[in-house]
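What follows is calculated from the coordinates using simple rules that are stated; it is not laboratory data. Computed from a predicted model, the values in this text were never measured in an experiment. Backbone-built Cβ (ideal geometry, glycine too); neighbour counts: all protein chains shown.
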Amino acid sequence: MQLPSFVLLGLAATSVSAIDAYYHLGQNCDGNAIVCSNLNPGVCCSDGRSLANTIGYRGIPTNWVIAARGYGGNQCGDTSTVREVAQNTNFLCLKNRFGTPLGATRYAFGANSKRRDDFSGSEVTESSECQKPDQLVLADGVTKYDIAGLDDDVVDELLKLASEGTAIPAAFHSLKL
């Protein structure tokens, strides 16, 4: 059976959709960030630091409805600090309203994912699968560095330099994306 080309194109477009979770130091999903790129639903993303004031979800297909949670600890099983729903938008900002830095996040499909159980049911499961941030994005939103596989102390050094507005040393230029 042959499928019409518009069906194949539609299937291809939906299969490459990816959502990125940005751990921002800024108060409004702005400033420098470390990023879990291509985050899948139900997969926990943990920065291992609990340093984010806000977590921005970018690249949400506008025909999707997602519920995202931010957690005060470094695991998605920790106490949920904030929950927001995105519908008809490609961006969602989780703002920490309780003074506890955010260290982990994940999302599920559907606006009805209000209860904690919705994040551990059949569609989204508690698992040991946890994605670590793989990019550092500077405040300009354009300059990006590949931090996948770097030791945490090196990532911390890069974050400190970026936060201070200090130029990233030439030794790290090979990591530029």
Could you list log10 I(q)/I(0) for segment 17-175 at q = 0.08, 0.13, 0.14, 0.20 Å⁻¹, which the Debye formula gives when each Cα is one point scatterer?
-> -0.21, -0.55, -0.64, -1.26
In sequence order, calculated HN-Hα J values of segment 60-73 (Karplus, 6.51, -1.76, 1.60; Hz; x Gly/Pro) = 6, x, 5, 8, 9, 10, 10, 10, 10, 10, x, 10, x, x
In debye, nearest 20: dipole of segment 17-175 around its Cα centre with unit charges on the Cβ of K, R (+) and D, E (-)?
-> 640
What residues from segment 44-67 fall in the zone where the backbone N is under 15 Å from a label point 7 Å along the Cα-to-C-beta line of residue 91?
-> 54-62
Amide H within-cut-off set for residue 135, under 5 Å, with H built and near neighbours excluded = 35, 37, 147
